[in-house]
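The values are calculated or read from the model by the stated rules, or taken from the named source; none is laboratory data. What you see is a predicted model; the values in this text were computed from it and never measured. No Cβ is skipped: glycine too gets one built from the backbone with ideal geometry, and neighbour counts run over all protein chains shown.
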Amino acid sequence: MKEVLRKILTFAIFAFSAILYKLSFFLKRANNVLILAPSWEGSKGDEAVISAASRELQETGHRVTLLHLGEKKEWAYLQTIDEWYSVAGCFSPRVWMARFKLSFLFSKNASFFLLGTDMLDGSYGEWLTNGLLQITHQAAFTGLKTNIVGISINTWQNKNCMEVMKGLPRSVKIGIRDHISLERISKLIPSRAFTATADIAFLLRPVVISPITQNYIDWAKNKKSEGAYIMVININPVSFHNDAETASFIKNLTATLSAVAEKSDKKIYFLLAPHDFRENRNDCELLRMLYDQLPDELKKNSLLMDVQITSEEIKAVVGHADFAVSSRMHMAVALVSQCIPTKCITYQPVKKQFTSYSEEVIAQIHQDKFDGLFKQFNLSGLTITPEAALQHKELNDFVSSLYSDKAGLGKQLKENLPAVLDKARLNLS
């Protein structure tokens, strides 16, 4: 009975929203767009996709309203947002009133974009994925041009979430940001058409806002003017299972960087660049551990970016690198979108216990995001697993080959980048 009432109430609100939209035809809304954030404020990766999409839309004459998940205003520092609107109520017991209020917001806008990232397969929580998809469904049903922007799909998916996605109106354009995910979701939902795109963060602009960002850039420019290489290092604290593994990796990486520096034909300066500052996920803490363990000579030749700056500014700084190792996907996007030869340490497969269709499911989730990213450039073999990175020889060979292969990698990135950028723009068309 509850399910029947829920469906009736959902349809009533959707119908009201659609009628209100038609009755509001006289409003000047053609250039007004809504962007739904994929998660709460904090992730630099999420910030990158929000900034890229909103700046691209602003520069084509649109007024951008960000729908954010927090009760209080989130991402308030972004200069590419015109208005903010909280959809926190859509994930609370106030959901019906929140959806009703959305009808009035929708009536003032022409387009809706859900920045899906990796949030739509249910692996981060069925309630969150379904909440995002229900808002998207209402936008499409109302009459807004509706796009789901650049998503990826894990090896495990919540069946209920896939059913909700399958039930979206046919008018919803669903962009898939890598070929691996496209193959996966096409098998899961063969009745739907999907669009092959690229991560919207490829369109992120390198921007300098703060003096500290300019200081980082000046440091890199000065070292390069001396004829040296700049190598970006980004490492991720959630790559390893425990402190012992992390310590072992830091020890291996320290030895590897020493070996690479010794063999280089030119001096190498290391730019230790974080791409996540959240508690328990803070790249800066791990990079500080690395910096502290570097030999004195390498320490003198290294800079730790320990002040938080925006994702656009991070892209501006790392754009001065000659080659890089990253363990964050959106740091890798910032690098390869500037044709910087990059190799990546992948994420750990995660074992999680889920409830799906009232069944307890234990799944090992693999994220193929890095492999999908490089496949956009017809590249492969540029990743190493955390397990392999714990082996000194494997890590040393992996990083050393980046140094020797940098010219060929850079050439291939340059050749394929225009097509990748075109695919990224498809998310917003």
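Odds and ends about this structure:
- Region 124-138: number of residues that are among the small types (Gly, Ala, Ser) and touching a Gly at 6+ places or on another chain (Cβ under 8 Å): 0
- Residue satisfying condition, being more than 30 Å from Phe370 (Cα to Cα), of a type in the set (S, T, N, Q) and touching an Asp or Glu at 6+ places or on another chain (Cβ under 8 Å), within set Ser107, Ser86, Ser51, Ser92: Ser86
- Flag if Leu203 is touching a Lys or Arg at 6+ places or on another chain (Cβ under 8 Å) and at pLDDT 95 or above: yes
- In this structure, Glu3 does not satisfy being in a helix (DSSP H, G or I) and touching a Leu at 6+ places or on another chain (Cβ under 6 Å).
- Helices (runs of 4 or more DSSP H) (entirely within region 75-166) containing at least 3 residues that are among the β-branched types (Val, Ile, Thr), in the same structural domain as Leu57 (by TED's automatic domain parsing) and in contact (Cβ under 8 Å) with a residue 60 or more places away in the chain: 126-142
- Subset of region 259-275 [part of a helix (DSSP H, G or I) and in contact with a Leu (Cβ under 8 Å, 6 or more places away or on another chain)]: Ala261
- One residue stands out among those in region 38-67 that are closer than 16 Å to Ala424 by Cα and among the aliphatic types (A, V, I, L, M): the one that is farthest from the chain's Cα centre (by Cα), which is Leu57.
- Phe398 aromatic (Phe, Trp, Tyr) and without any contact (Cβ under 8 Å) to a residue 40 or more places away in the chain: no
- So Thr195, is it polar (S, T, N, Q), under 29 Å from Ser181 (Cα atoms) and crowded, with 16+ Cβ neighbours inside 10 Å: yes
- Every test in (1) at positive phi; (2) small (Gly, Ala, Ser); (3) in contact with a strand residue (DSSP E or B) (Cβ under 7 Å, 6 or more places away or on another chain) is passed by Ser54 save one, and that test is (1).
- Verdict on Leu36 being modelled with pLDDT of 95 or more and either more than 18 Å from Leu120 (Cα to Cα) or in contact with a Cys (Cβ under 7 Å, 6 or more places away or on another chain) (or both): no
- Among the residues making up region 236-294, a single one is under 18 Å from the mean Cα position of the chain (by Cα) and aromatic (Phe, Trp, Tyr): Phe277.
- Residue within region 15-37 that is part of a loop (DSSP other than H, G, I, E, B) and within 23 Å of the chain's Cα centre (by Cα) present: yes
- Take the conditions (1) over 30 Å from Ile148 (Cβ atoms); (2) of a type outside the set (A, V, I, L, M, F, W, C); (3) at pLDDT 95 or above; (4) not in a helix (DSSP H, G or I); His241 misses just one of them, which is (3).
- Residue in region 23-41 that is assigned by TED's automatic domain parsing to the domain that holds Val149, hydroxyl-bearing (Ser, Thr, Tyr) and surrounded by 22 or more Cβ atoms within 10 Å (Cβ to Cβ) present: no
- Counting residues in region 376-393 that are within 30 Å of His62 (Cβ to Cβ) and not assigned by TED's automatic domain parsing to the domain that holds Gln338 gives one or more.
- Checked against the criterion of being surrounded by fewer than 23 Cβ atoms within 10 Å (Cβ to Cβ) and closer than 19 Å to Lys406 by Cβ, region 303-316 has no qualifying residue.
- Filter result for Ile180 (among the aliphatic types (A, V, I, L, M), in the same structural domain as Asp118 (by TED's automatic domain parsing) and within 25 Å of Val325 (Cβ to Cβ)): yes
- Residue in region 55-67 that is surrounded by 15 or more Cβ atoms within 10 Å (Cβ to Cβ) and under 27 Å from Asn280 (Cβ atoms) present: yes
- Subset of region 16-53 [without any contact (Cβ under 8 Å) to a residue 12 or more places away in the chain and within 20 Å of Thr136 (Cβ to Cβ)]: Ile19
- Selection within region 230-268 - in contact with a strand residue (DSSP E or B) (Cβ under 6 Å, 6 or more places away or on another chain) and surrounded by fewer than 17 Cβ atoms within 10 Å (Cβ to Cβ): Lys266
- Of the helices (runs of 4 or more DSSP H) lying entirely inside region 276-378, those containing at least 1 residues that are in contact with a His (Cβ under 7 Å, 6 or more places away or on another chain), at pLDDT below 95 and over 23 Å from Gln214 (Cβ atoms) are 369-375.
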